[in-house]
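In what follows, a single structure is set out as structure tokens and then discussed.
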Amino acid sequence: MARFAANLSMMFNDVPFIERFSRAADAGFSGVEYLFPYEESVEKLEALLTKHQLTQVLFNMPAGNWSIGDRGMACLPGREKEFVAGVHKAMEYALPLGCKQIHVMAGKWDGQFTQERQNECYIANIQYAADVMAEHDINVLIEPINIRDMPGYFLTTSKQAEELLKAIDRKNVFIQLDLYHCQIMEGDLLRTIERLWKKFTHVQIASVPGRHEPDDGEINYFWLFKKLDEMGYQGWIGCEYHPAGYTEEGLGWLVKAQS
């Protein structure tokens, strides 16, 4: 049966971030993920996970200055030192929190560099992150993101991610398969899952087109959950969606999925 992780950057957002851990546990989640932990002390986060018996499933490496439009640095020549510092900052949190997966955001295309140069920069940066994290049995995740939500993003399709995996050539680098983004960019979700089997270690879900609860919209998630179970998927499913209303009122889908 699938294991679901609440995304605390999006869910239970009627209360401050720190209060969302207890809400997630009370709602029946055994794992949590979120974008960034760095505004909170690692000691406080560790205490919350222990208190509420939650697994820290995933968070993102530092992604630059989010407020001015940065969406990662991995593909950006000239920011390698900042990227390296971000790797080690992420490790300061991952190790005490017991987090075994870190998503590295790619960044956006920059017209002052050639595509080839940005590809080379991305590959080298991911290799560096992977080598550091491999020493602690941590996976690096790369995620295709749709061009509607994030115009200009470097990594947008699962096929591009597959090609990059080959070039990166590290055993602890995998795809973060967000089915919301995948449906918008490619569709044909089951065939994509089959094609990428063993190349992804984390799945994320949200309705399309609204990015709300997974029992809304055009994707039959319950059918896909069944298929993932049949295929033997052992990873987590991250609930990276914007609740249409009060989070708990929309969790009927979770009860159904776990029954």
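Largest accessible area first, the residues Lys166, Lys89 order themselves as Lys166, Lys89 under a 1.4 Å probe with ligands, DNA and RNA left out.
Summarising the label geometry, the points placed 7 Å from Cα in the beta-carbon direction at Ser67 and Lys227 lie 4.3 nm from one another. Straight-line reach from Lys51: taking Cα to Cα under 23 Å and skipping same-chain neighbours fewer than 8 places apart, the lysines in range are Lys100.
For Trp109, the accessible area of its heavy atoms, probed at 1.4 Å with every protein chain present, is near 100 square angstrom. Per residue, the accessible area of the chain comes to 45 Å² when a 1.4 Å probe rolls over the protein heavy atoms. Across every direction, the projection of the convex hull enclosing the Cα atoms of the range 30-72 has a mean area of 3.2 nm². Of the whole protein surface, Val255 contributes about 100 Å² of accessible area at a 1.4 Å probe radius. The Cα atoms of the range 99-240 give a gyration tensor whose axes a ≥ b ≥ c have a/c of 1.5 or more with a/b no greater than b/c, which makes the shape oblate.
Can you tell me the relative contact order of the chain? Whole percent, Cα pairs under 8 Å, sequence separation 6 or more. It rounds to 19 percent for the chain. Between the range 203-219 and the range 4-22, the alpha-carbon centres lie 18 Å apart. Surface listing: Asp70, Asp131, Asp137, Asp110 arranged by accessible area from highest to lowest gives Asp137, Asp131, Asp110, Asp70, probe 1.4 Å.
The values are calculated or read from the model by the stated rules, or taken from the named source; none is laboratory data. Given the structure is predicted, the values throughout are model-derived calculations rather than measurements. Glycine gets a Cβ as well: all are built from the backbone with ideal geometry, and neighbour counts include every protein chain shown. SASA here: full protein model, heavy atoms, side chains in, ligands and nucleic acids out. Shrake-Rupley method; radii C 1.70, N 1.55, O 1.52, S 1.80 Å.
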